[in-house]
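Note sheet for the following structure.
The values are calculated or read from the model by the stated rules, or taken from the named source; none is laboratory data. None of these values were measured; they are calculated from a predicted model. Positions of Cβ are generated from backbone atoms using ideal geometry, with glycine treated the same way; all protein chains shown enter the neighbour counts.
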């Protein structure tokens with residue numbers, strides 16, 4: 001699962017909060033002395049029923065040390081993609097990628113700040129160069145090698161325009177041709193998923209671009225400083241980022257017309273606010289709360305920024321297999337079942353281990369996808385609608401592979417009627433319920449409820465709405481195209497809460513997410529069963545899924561709604 005990089009705690013999966021609220025883990029989940037090789041091999045080779053063994057075998061390969069963490073753009077990821085393509089072939093899926101194959105090639109670009117940049121503030125006095133690491137940290141611009149902007153600055157609170165929440169941070173100001181400065185995050189009074197959406201840098205930049213701004217800067221706040229000090233931000237200013245590449249070799253970014261110029265510290269902000277109608281001391285005091293309301297105010301001066309970005313080309317692939325629909329009327333409609341294949345590769349060592357195997361995140365999701373495909377072909381009953389099995393790359397880089405696919409689909413985008421996404425199912429306990437993020441937003445909800453009831457579990461609401469998980473995995477790229485989508489997880493009833501909390505605190509995005517975890521493969525089979533039933537219900541249903549009337553994301557992205565069944 002993608003962990004957004006940002007200063008606001010709620011936009012990064014808050015493992016600290018989970019750890020604080022979680023009960024003591026059961027003895028079976030407690031850390032133990034590292035077993036020797038013979039003990040590990042005995043555990044990995046323990047006999048299992050055929051359906052469980054098949055699922056485990058995929059994870060044994062994909063989460064092995066040989067795959068080196070399956071980082072997008074690496075040779076090991078390419079091997080993993082070939083493995084999935086071979087498994088799709090063995091399952092009887094037809095190729096759905098480029099040129100009659102299973103792979104959809106995707107050009108990538110890694111980019112990073114190539115210099116510390118120059119920030120110069122000209123207020124009522126002489127021009128004042130700002131100091132790197134003390135006043136500012138530059139941002140890399142994935143769309144341009146050199147960025148140069150000189151413009152007045154307008155403070156716009158959180159940088160949000162959300163009429164449904166009565167929030168217009170741009171009220172009373174004209175930002176055309178100007179740089180906007182705002183705080184990261186969004187008010188706590190926003191709903192969990194909407195809060196995460198409006199708190200994202202991409203959403204804020206898109207709003208700024210639509211308002212005519214020519215650049216954006218993020219302001220450090222007392223709250224963000226507690227999560228990540230400005231010094232640590234400065235230390236990592238040249239950390240590479242990755243996105244898919246345009247034909248000219250630059251990267252795809254959310255708002256190229258209003259690029260992120262960098263982050264300004266509280267010390268630097270005090271300089272920018274000198275002479276403003278609202279003093280920085282008052283703004284900073286307001287920003288210490290989580291429901292602050294700000295008034296937009298022009299700052300007295302001009303900010304001149306020059307930054308450089310370096311680019312390194314790379315490549316990766318999505319893997320696509322299809323089962324053609326059998327119905328003459330709806331057979332060309334496509335139900336997508338997705339899961340991300342990549343993980344985070346090799347990072348700083350933890351207890352001497354730097355290799356992140358990604359067993360639960362998300363080798364087991366890919367294993368579920370493969371086994372689900374086998375169930376469809378083994379059933380002997382072709383689905384009425386076409387089913388696409390999509391293993392995407394670059395999820396850990398920011399939902400990059402799914403973003404590329406929805407912008408370069410291998411089938412007409414208008415033919416895709418739903419996406420059901422599998423990401424990081426935690427299968428270390430016998431689950432008693434399921435959580436389907438986004439189920440309440442569309443007619444997929446009742447379908448899911450019926451399907452999970454068939455395996456003896458109920459449907460539970462989102463146990464962590466504050467995390468905004470609905471906007472943080474690959475299905476959201478389909479949502480952004482107006483397509484009803486959901487994301488499945490085993491629920492947190494019974495032993496689930498402790499197991500999930502333990503994983504998030506101890507194994508999420510760490511080398512310990514490997515096959516020494518107490519994975520229950522019979523629960524993996526149950527999870528596949530539930531997913532199969534959901535996909536079958538959608539594929540064979542009389543009606544295509546539509547959004548519930550009035551849903552925020554359906555309205556925003558002009559998806560088909562239940563009231564009319566037509567796009568907005």
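Tabulated data for the structure shown
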| item | result |
| --- | --- |
| Scope the range 479-499; condition out of contact with any helix residue (DSSP H, G or I) (no Cβ under 6 Å at 6 or more places or on another chain) and under 29 Å from residue 335 (Cα atoms); matching residues | 480, 482, 483, 488, 489, 490, 491 |
| Helices (runs of 4 or more DSSP H) wholly inside the range 425-538 that include at least 1 residues being surrounded by fewer than 23 Cβ atoms within 10 Å (Cβ to Cβ) | 444-453, 496-506 |
| Residue ID - farthest from residue 230 (Cα to Cα), chosen from residues in the range 241-274 that are surrounded by fewer than 16 Cβ atoms within 10 Å (Cβ to Cβ) and modelled with pLDDT under 95 | 247 |
| In the range 175-202, residue nearest to the chain's Cα centre (by Cα) [restricted to those that are closer than 14 Å to residue 553 by Cβ and in a loop (DSSP other than H, G, I, E, B)] | 200 |
| Positions within the range 91-115 being without any contact (Cβ under 8 Å) to a residue 60 or more places away in the chain and part of a helix (DSSP H, G or I), in sequence order | 99, 100 |
| Subset of the range 145-171 (residues that are surrounded by 14 or more Cβ atoms within 10 Å (Cβ to Cβ) and either more than 15 Å from residue 293 (Cα to Cα) or free of Cβ contacts under 8 Å to residues at least 12 places away in the same chain (or both)) | 145, 147, 149, 150, 151, 152, 153, 154, 168 |
| Sole residue being surrounded by fewer than 19 Cβ atoms within 10 Å (Cβ to Cβ) and in contact with a helix residue (DSSP H, G or I) (Cβ under 8 Å, 6 or more places away or on another chain), chosen from 228, 189, 176, 195 | 189 |
| Entirely in the range 116-174, the strands (runs of 3 or more DSSP E) that have 3 or more residues that are over 27 Å from the mean Cα position of the chain (by Cα) and either outside the structural domain of residue 304 (by TED's automatic domain parsing) or closer than 29 Å to residue 242 by Cα (or both) | 118-122, 146-155 |
| Residue selected from the range 397-416 under the condition touching a helix residue (DSSP H, G or I) at 6+ places or on another chain (Cβ under 8 Å) and not in a loop (DSSP other than H, G, I, E, B), by the criterion surrounded by the fewest Cβ atoms within 10 Å (Cβ to Cβ) | 413 |
| Members of the range 233-264 that are under 23 Å from the mean Cα position of the chain (by Cα) and more than 26 Å from residue 304 (Cβ to Cβ) | 240, 242, 243, 244, 245, 246, 252 |
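Okay, residues lined up against (1) over 15 Å from residue 337 (Cβ atoms); (2) crowded, with 23+ Cβ neighbours inside 10 Å; (3) free of Cβ contacts under 8 Å to residues at least 12 places away in the same chain; (4) under 20 Å from the mean Cα position of the chain (by Cα):
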residue: 350; (1), (2), (3), (4): yes, no, no, no
residue: 354; (1), (2), (3), (4): yes, no, no, no
residue: 359; (1), (2), (3), (4): yes, yes, no, yes
residue: 366; (1), (2), (3), (4): no, yes, no, yes
residue: 378; (1), (2), (3), (4): yes, no, yes, no
residue: 383; (1), (2), (3), (4): no, no, no, no
residue: 387; (1), (2), (3), (4): no, yes, no, no
